[in-house]
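Undergrad: I am attaching a structure below and will ask some questions about it afterwards.
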Amino acid sequence: MALAGKGSIHRLRRAVSLFGGSRRSAERDRRRVAEASAPPAEHRAGGLAELKSSVSSYLKQADLARLEEAYNFSDHAHRGQFRKSGEPYIQHPVAVAEILSHWQLDSQTLVAALLHDVLEDTEVAKDDIAQRFGKPVADLVDGVSKLDRIEFQSAQDAQAENFRKMFLAMARDVRVILIKLADRLHNMRTLDAVSPAQRRRVARETLDIYAPIANRLGLDGLYRELQELAFRYLYPLRYATLAKAVKAARGNRREVVGKIMEAIRQKLAGSDIEATVTGREKHIFSIYKKMVEKRLSFSEVLDIYGYRVVVNDIPSCYLALGALHALYKPVPGKFKDYIAIPKMNGYQSLHTSVIGPFGMPLEVQIRTWDMHRIAETGVASHWVYKDDQATLFEVQQRTHRWLQSLVEIQNASGDPAEFLEHIKVDLFPEEVYVFTPRGEIKSLPRGATPVDFAYAVHTDVGNRTVAAKVNYELVPLRTELKNGDQVEVITAAHANPNPAWLSYVKTGKARSQIRHFLKTMQFEESAALGERLLNQALRGLGTEPVGIGPERWDRLVRETGARSRQEILADLGLGKRLPAIVARELLALAAESEEGRPAGSIVIRGSEGMAVQFAKCCRPIPGDPIIGFIKKGQGLVVHTHDCPIAAKSRTDPEKWIDVEWDPETDKMFDVAVKVTAANQRGVLAKIAAAIAEAGSNIDNVSMDEERGMYTTMQFTIQVTRRQHLAQVMRSLRRVPEVVRVARQRD
């Protein structure tokens, strides 16, 4: 959406946030705020004639007529609305369409660009556009429009939901994001007159979301310009200082830069390589980023110029690389072959760093003309270069895979803010390339782990992962993968994602799928526990659960605003609702009849999963007298009766639940044991053997740092019940070096 200003008739009646949701009202047409100033001369939008002239080389006459119709429709809809520069508002959609025309996008996209603000800022409806210009155009306009008709609790919620809508529309049709990027580019080019606070907000959003999207889609030129403009408005003083320094350095180094370019040309010509050599000044934001990351002053950043060598075919790329390394010494470890292994967005080039004259480091890119076109226009090259279908197909495939991953992340993320968080992770990929056992290449963000790799293969593979091999050796799942690693994932049919994975996975897909699985599992387990708690409360009020009919449940769901019966039960299991209150609501009992007969106990089997937790402070095991406490957001927490921590929390009797052990449980439970033994060689091995002989597993062991004649060891072992623990402790006491054994409680 373009940011607008006052009109002679339409006046600003209320401030509207860039991404805020507001209820449609009679004053909607009056809020024409373009948060942009008059565009610089080089970016001034022309009128319809200029737009038709720029697209006449590739559009048919019928398409041009359709474009004129869309222009007239948009001009009429926006009549009386002006930008802060005083220009008619129609100049903005025309400018957006002109930007898109450079990618030679089809007539539907250009028509949608001319109409992209009418849904959001005028009384025109989607059906009106569909009837006049067709459903595909209406869908494109709707995908770009924000959700202004919905109330949100905060601007952050509105922003997240708007981005979610845009990403999902983009997954259906990539032209949506191309229109949005062109829209954002024109807004950034004309942002001067906006208030400093809003300028910073828009610039930050551009740097965090829109520029990375452009990069992810391979639109390198757009990516660089959005970064540069965002940096200029986000840090104006830093930008001005660096721009001045670059301008001064440009004069000082002009002669050296010219000599280097000429030397490269002569070397390539002498090697019979036909090439075009160009020098380019690095963008100010790129220089700033290097200064921040490497903690350098500007005078220490020597490579403010880069060089590009464009040749005719792939063999010439490698020949040019050899000639260049013969001319200047390469910097070890600074060579990247993106031709053999393209970037995730389809970008291909050879990158090398060499030491030039006077010890000046130089960065050189070597690519073919086809690679150069793809690098500049990315996914938009589908419309520009229709003659190179093989290369373009690969670019489209990569983009399609990424867009499909967005849909998977959305399906796994119920919360728009969480969805946006996962997307941001995927928008900043410094790639690492690894191989499957079959030799296929997988591109992952730097710092990715075998768990990320597993989810990149398939969601089911990730969910069933139990171990991994990297280069044929078993490694921990949190191991960071490196370029060239061969990764093999080991799965098990009954394995489930571990919550600890969330602390080290890097990809948005892995993070969202793990969270989705855990939420689903917690919901189901909490609902089962909630049903048991509610049944206990109903029996305490003298009613059997079977007596509660579905009609009463339906009424309760409506009155509480819950989505389903299962949601209420899950809330009970998580402690968000109290069983006694829900039971009384179901029975519609009066306040004076709250007292009932004692309820039965909840049976604890140990296999309830996330819905039932065993307190770390006392680590109860079968055979211990226990009591349950409903803790909000965590469900039922089980303590021993004599736990001092539990004793401090007995202020709310309604949250305490009578629980008892299932006599048939065969699950293993963690228990802490402290062992004091003589500090002699081999004593740890003897103690471990005694524990194993008693049929117990050691989960963890630690030792006191200060060791004298005796040492104290803390073991976390697994037992089935108190009798089993007693057997383990007897076995430990038979070890001659052991002087004391005790169960440990925090």
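The values are calculated or read from the model by the stated rules, or taken from the named source; none is laboratory data. What you see is a predicted model, and the numbers here were worked out from it, not measured in a lab. Don't worry about glycine lacking a Cβ; one is built from the backbone with ideal geometry, like all the others, and counts go over all protein chains shown. Accessible surface areas use protein heavy atoms only, side chains included; no ligands, DNA or RNA. Shrake-Rupley method; radii C 1.70, N 1.55, O 1.52, S 1.80 Å.
Undergrad: Yes or no: Gly628 modelled with pLDDT under 65, under 27 Å from Leu538 (Cα atoms) and small (Gly, Ala, Ser)?
TA: no
Undergrad: Same structure, new question: Quick one: would you say Leu207 is over 30 Å from Phe358 (Cβ atoms), open to solvent by 20 Å² or more (accessible area, probe 1.4 Å) and without any contact (Cβ under 8 Å) to a residue 24 or more places away in the chain? So that I can check it myself, show each step before the final result.
TA: On the way: over 30 Å from Phe358 (Cβ atoms): yes; open to solvent by 20 Å² or more (accessible area, probe 1.4 Å): yes; without any contact (Cβ under 8 Å) to a residue 24 or more places away in the chain: no.
For Leu207, the condition - over 30 Å from Phe358 (Cβ atoms), open to solvent by 20 Å² or more (accessible area, probe 1.4 Å) and without any contact (Cβ under 8 Å) to a residue 24 or more places away in the chain - is not met.
Undergrad: Shifting gears a bit: State whether one or more residues within region 612-625 are at pLDDT below 80 and open to solvent by less than 60 Å² (accessible area, probe 1.4 Å).
TA: yes
Undergrad: Moving on to the next point. Answer with yes or no whether Met729 is exposed (fewer than 12 other Cβ atoms within 10 Å of the Cβ), aliphatic (A, V, I, L, M) and farther than 13 Å from Met668 by Cβ.
TA: On the way: exposed (fewer than 12 other Cβ atoms within 10 Å of the Cβ): no; aliphatic (A, V, I, L, M): yes; farther than 13 Å from Met668 by Cβ: yes.
The answer is no for Met729.
Undergrad: In region 480-507, which residues are farther than 29 Å from Val612 by Cα, among the β-branched types (Val, Ile, Thr) and at pLDDT below 90?
TA: Of everything in region 480-507, just one residue is farther than 29 Å from Val612 by Cα, among the β-branched types (Val, Ile, Thr) and at pLDDT below 90, namely Thr507.
Undergrad: Please enumerate the residues belonging to region 188-206 that are within 19 Å of Arg216 (Cα to Cα) and hydrophobic (A, V, I, L, M, F, W, C).
TA: Ala203
Undergrad: Also, I was wondering about something else. Taking region 307-335, which residues are of a type outside the set (A, V, I, L, M, F, W, C), within 17 Å of Ala263 (Cβ to Cβ) and surrounded by fewer than 15 Cβ atoms within 10 Å (Cβ to Cβ)?
TA: Residues satisfying the conditions are Gly322, His325, Lys329.
Undergrad: How about region 95-143: which of its residues are aliphatic (A, V, I, L, M), modelled with pLDDT under 85 and touching an Asp or Glu at 6+ places or on another chain (Cβ under 9 Å)?
TA: Selection gives Leu119 alone.
Undergrad: Looking at region 52-61, can you tell me whether even one residue there is farther than 28 Å from Leu219 by Cα and modelled with pLDDT of 50 or more?
TA: For region 52-61, residues farther than 28 Å from Leu219 by Cα and modelled with pLDDT of 50 or more: present.
Undergrad: In addition: In this structure, is Tyr288 modelled with pLDDT under 85, within 30 Å of Ile99 (Cβ to Cβ) and of a type outside the set (A, V, I, L, M)?
TA: When the stated conditions are applied, Tyr288 does not pass them.
Undergrad: Output the number of residues of region 336-352 satisfying the condition of being in contact (Cβ under 8 Å) with a residue 40 or more places away in the chain and of a type outside the set (Val, Ile, Thr). Let's see the steps before the verdict.
TA: First, pick out the residues of region 336-352 that are in contact (Cβ under 8 Å) with a residue 40 or more places away in the chain: 341-347.
Still in the running and of a type outside the set (Val, Ile, Thr): 342-347.
Of the residues in region 336-352, 6 are in contact (Cβ under 8 Å) with a residue 40 or more places away in the chain and of a type outside the set (Val, Ile, Thr).
Undergrad: Within region 210-262, track down each residue that is in contact (Cβ under 8 Å) with a residue 12 or more places away in the chain, open to solvent by 60 Å² or more (accessible area, probe 1.4 Å) and under 19 Å from Gly279 (Cβ atoms).
TA: Passing the criteria: Arg224, Arg250, Lys259.
Undergrad: Please go through region 340-374 and pick out each residue that is crowded, with 19+ Cβ neighbours inside 10 Å and hydrophobic (A, V, I, L, M, F, W, C).
TA: Within region 340-374, Met344, Leu350, Val354, Leu362, Val364, Ile366, Met371, Ile374 qualify.
Undergrad: Could you count how many residues in region 683-715 are in a loop (DSSP other than H, G, I, E, B), surrounded by 16 or more Cβ atoms within 10 Å (Cβ to Cβ) and in contact with a strand residue (DSSP E or B) (Cβ under 8 Å, 6 or more places away or on another chain)?
TA: Total satisfying the criteria: 1.
Undergrad: Asn496 versus (1) in a loop (DSSP other than H, G, I, E, B); (2) open to solvent by 40 Å² or more (accessible area, probe 1.4 Å); (3) under 27 Å from Pro342 (Cα atoms); (4) not small (Gly, Ala, Ser): which is the lone unmet condition?
TA: Going through (1) in a loop (DSSP other than H, G, I, E, B); (2) open to solvent by 40 Å² or more (accessible area, probe 1.4 Å); (3) under 27 Å from Pro342 (Cα atoms); (4) not small (Gly, Ala, Ser) one by one, Asn496 breaks only (3).
Undergrad: Filter region 195-233 for residues that are closer than 15 Å to Lys180 by Cβ and not in a helix (DSSP H, G or I) and give the result.
TA: Once the filter is applied, which keeps residues that are closer than 15 Å to Lys180 by Cβ and not in a helix (DSSP H, G or I), region 195-233 yields Leu217, Leu219.
Undergrad: All but one of (1) under 27 Å from Leu219 (Cα atoms); (2) at pLDDT below 85 hold for His92, so report the exception by its number.
TA: (2)
Undergrad: Same structure again: Return the total of residues in region 341-363 being of a type in the set (A, V, I, L, M, F, W, C), closer than 24 Å to Tyr223 by Cβ and more than 32 Å from the chain's Cα centre (by Cα).
TA: Here the count works out to 1.
Undergrad: If I ask for residues that are touching a helix residue (DSSP H, G or I) at 6+ places or on another chain (Cβ under 8 Å) and outside any helix (DSSP H, G or I), which ones from region 248-277 would you list?
TA: Those that are touching a helix residue (DSSP H, G or I) at 6+ places or on another chain (Cβ under 8 Å) and outside any helix (DSSP H, G or I): Ser271, Ile273, Glu274, Ala275, Val277.
Undergrad: While we're here: Residue by residue through region 103-134, note down the ones that are free of Cβ contacts under 8 Å to residues at least 60 places away in the same chain and within 31 Å of the chain's Cα centre (by Cα).
TA: Result: Leu110, Leu115, Val118, Leu119, Lys126.
Undergrad: Turning to a different aspect of this structure: Return the residues of region 263-306 that are surrounded by 14 or more Cβ atoms within 10 Å (Cβ to Cβ), under 21 Å from Asp370 (Cα atoms) and touching a residue at least 40 places away in the same chain (Cβ under 8 Å); say none if nothing qualifies.
TA: Leu268, Ile273, Ala275, Gly306
Undergrad: Which of (1) over 23 Å from the mean Cα position of the chain (by Cα); (2) at negative phi; (3) not hydroxyl-bearing (Ser, Thr, Tyr) is the odd one out, the single condition Gly439 does not satisfy?
TA: Answer for Gly439: the failing condition is (2).
Undergrad: Restricting to region 82-124, count the residues that are among the charged types (D, E, K, R) and over 13 Å from Asp183 (Cβ atoms).
TA: Within region 82-124, residues that are among the charged types (D, E, K, R) and over 13 Å from Asp183 (Cβ atoms) number 5.
Undergrad: Could you look through region 455-493, keep only residues that are touching a residue at least 40 places away in the same chain (Cβ under 8 Å) and of a type in the set (Gly, Ala, Ser), and pick out the one that is surrounded by the fewest Cβ atoms within 10 Å (Cβ to Cβ)?
TA: Initial filter on region 455-493 (touching a residue at least 40 places away in the same chain (Cβ under 8 Å)): 455-456, 459, 462-463, 481-488.
Adding the requirement that they be of a type in the set (Gly, Ala, Ser) leaves 456, 462, 484.
On the way: Ala456: 22, Gly462: 26, Gly484: 11.
Restricting to residues being touching a residue at least 40 places away in the same chain (Cβ under 8 Å) and of a type in the set (Gly, Ala, Ser), the top hit is Gly484.
Undergrad: Could you grab me the full set of residues in region 79-107 that are more than 13 Å from Val55 (Cα to Cα) and surrounded by fewer than 21 Cβ atoms within 10 Å (Cβ to Cβ)?
TA: Those that are more than 13 Å from Val55 (Cα to Cα) and surrounded by fewer than 21 Cβ atoms within 10 Å (Cβ to Cβ): Arg79, Gly80, Lys84, Ser85, Gly86, Glu87, Pro88.
Undergrad: Let me ask something additional. Against the definition (free of Cβ contacts under 8 Å to residues at least 60 places away in the same chain and assigned to a loop (DSSP other than H, G, I, E, B)), how does Leu59 come out, yes or no?
TA: On the way: free of Cβ contacts under 8 Å to residues at least 60 places away in the same chain: yes; assigned to a loop (DSSP other than H, G, I, E, B): yes.
Considered against the rule, which asks whether it is free of Cβ contacts under 8 Å to residues at least 60 places away in the same chain and assigned to a loop (DSSP other than H, G, I, E, B), Leu59 comes out as yes.
Undergrad: So which of Gln680, Gln718 is over 30 Å from Pro579 (Cβ atoms) and either of a type in the set (Asp, Glu) or open to solvent by 70 Å² or more (accessible area, probe 1.4 Å) (or both)? Walk me through how you get there before you give the answer.
TA: Values: Gln718 fails: either of a type in the set (Asp, Glu) or open to solvent by 70 Å² or more (accessible area, probe 1.4 Å) (or both).
Of the residues listed, the single one that is over 30 Å from Pro579 (Cβ atoms) and either of a type in the set (Asp, Glu) or open to solvent by 70 Å² or more (accessible area, probe 1.4 Å) (or both) is Gln680.
Undergrad: Could we say that Ala510 is at pLDDT 80 or above, closer than 30 Å to Leu444 by Cβ and open to solvent by less than 40 Å² (accessible area, probe 1.4 Å) here?
TA: yes
Undergrad: Looking only at region 64-76, which residues are out of contact with any Leu (no Cβ under 8 Å at 6 or more places or on another chain) and open to solvent by less than 50 Å² (accessible area, probe 1.4 Å)?
TA: Those that are out of contact with any Leu (no Cβ under 8 Å at 6 or more places or on another chain) and open to solvent by less than 50 Å² (accessible area, probe 1.4 Å): Leu64, Asp75.
Undergrad: For region 541-548, indicate whether the set of residues that are surrounded by 16 or more Cβ atoms within 10 Å (Cβ to Cβ), modelled with pLDDT under 80 and of a type in the set (Gly, Ala, Ser) is non-empty. Break it down into steps so the answer makes sense when it comes.
TA: In the first step, residues of region 541-548 are kept if they are surrounded by 16 or more Cβ atoms within 10 Å (Cβ to Cβ); the result is 541, 543, 548.
Next, only the ones that are modelled with pLDDT under 80 stay: 541, 543, 548.
Keeping just the survivors that are of a type in the set (Gly, Ala, Ser) gives none.
Scanning region 541-548, I find no residue that is surrounded by 16 or more Cβ atoms within 10 Å (Cβ to Cβ), modelled with pLDDT under 80 and of a type in the set (Gly, Ala, Ser), so the answer is no.
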